[in-house]
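Novice: Below you will find the structure I want to go over with you.
Just so it is clear, none of the values below were taken in a lab; they were calculated from the coordinates. These numbers were taken from a predicted model, which means no experiment stands behind them. Note that we place each Cβ from the backbone using ideal geometry, even for glycine, and neighbour counts take in every protein chain shown.
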């Protein structure tokens, strides 16, 4: 990159500049787009000219207000497809916008870096909100004092190994109802409801890489039936393989008895509840000053 060369080019008065954008999805897929009439290689990414993606003027400030803009483009089998948008594959995708000298593509400057926000689609096109880096400052930070655990099963704070034997299963779907109810030939060794509120990952087929959360997990004879809270964004067909991870309801009892991981429990199971905090002495109840809580989960 030579920002100095680009500035000198802009100062010359006769310019050959265009705009380019790169997208990096959360699944690692990288795409490049440009409003130039030919493909360009920018920062190691090939930016294609035939995708119809454009962006409105960037609104940038020197303060902490959120920079924002919009990206507009046509849905295309070769670039951004309607199926991928519906599946949520572009949700939160990282976006970078460049000003490039198309006559010397090595001369460019990064003008914007952020992520996709709300995405709307209609009439064979889409419109995506671009959110700047300061958007993260609008998120609530810190931890709440609550009885339940605030960690996510298997994350750096929980530290539980979700690939441990007995805590996951890979199975082949035998039938699907309404895109969110899945039937399997019963895989032994797991009690009913073992996977409730667990992670449901699709490994093969058009929905590969998409994730859901298990709402219910039941066994009916030789069939195991799992229902998700929300349907997978793409089609899951009979014969596709999924991976299901045991569910954690965030309680201290579950952490201790089901996962044996109470040392890493990130909640406050003995914190007094609202009823206790609002209680007051009454004449027909003992008020000896004894502890109102007991050890245990």
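Novice: How much FRET efficiency would the formula 1/(1 + (r/R0)^6) give for residue 230 and residue 159, where r is the Cβ-Cβ distance and R0 is 35 Å, rounded to 0.05?
Specialist: Efficiency computed from Cβ-Cβ geometry: 0.80.
Novice: Would you look at the GNM of the chain, springs on alpha carbons closer than 10 Å, and say which of 261, 138, 249 moves the most?
Specialist: Residue with maximal mean-square fluctuation among 261, 138, 249: 138.
Novice: Just the number, please: Stokes-Einstein D of segment 121-190 in µm²/s, Kirkwood Rh from C-alpha pairs, 20 °C, 1.002 mPa s.
Specialist: 120 µm²/s
Novice: Normalising by the residue count of segment 77-170, find the relative contact order in percent from Cα pairs under 8 Å and 6+ residues apart.
Specialist: It comes to 15 percent, rounded to a whole number.
Novice: Right, something else. How much space per residue, in cubic angstrom, does the convex hull of the C-alpha atoms of the chain take up?
Specialist: Each residue corresponds to 218 Å³ of Cα convex hull volume.
Novice: Which residue, 88, 247, 209, has the most motion in a Gaussian network model of the chain that connects Cα atoms within less than 10 Å?
Specialist: Comparing 88, 247, 209 in a Gaussian network model of the chain, the most mobile one is 209.
Novice: Assuming R0 = 45 Å, what is the FRET efficiency of residue 82 and residue 7, from their Cβ-Cβ distance, to the nearest 0.05?
Specialist: It comes out at approximately 0.65.
Novice: May I have the pair-distance distribution P(r) for segment 168-245, computed from all Cα-Cα distances with 5 Å bins from 0 and rounded to whole percent?
Specialist: In whole percents, the pair-distance histogram is 3, 18, 33, 30, 12, 3.
Novice: OK, next. How much FRET efficiency would the formula 1/(1 + (r/R0)^6) give for residue 26 and residue 279, where r is the Cβ-Cβ distance and R0 is 51 Å, rounded to 0.05?
Specialist: 0.60
Novice: Once every DSSP H run of n ≥ 4 in the chain is given -39500 (n - 2.57) and the sum is divided by its residues, what mean residue ellipticity at 222 nm do you get, rounded to the nearest 500 deg cm²/dmol?
Specialist: Only helices count here, giving -2000 deg cm²/dmol.
Novice: If you don't mind, there's one more thing I want to ask. Which residue fluctuates most in the GNM of the chain (Cα springs below 10 Å): 94, 135, 227?
Specialist: Of the options given, 135 has the highest mean-square fluctuation.
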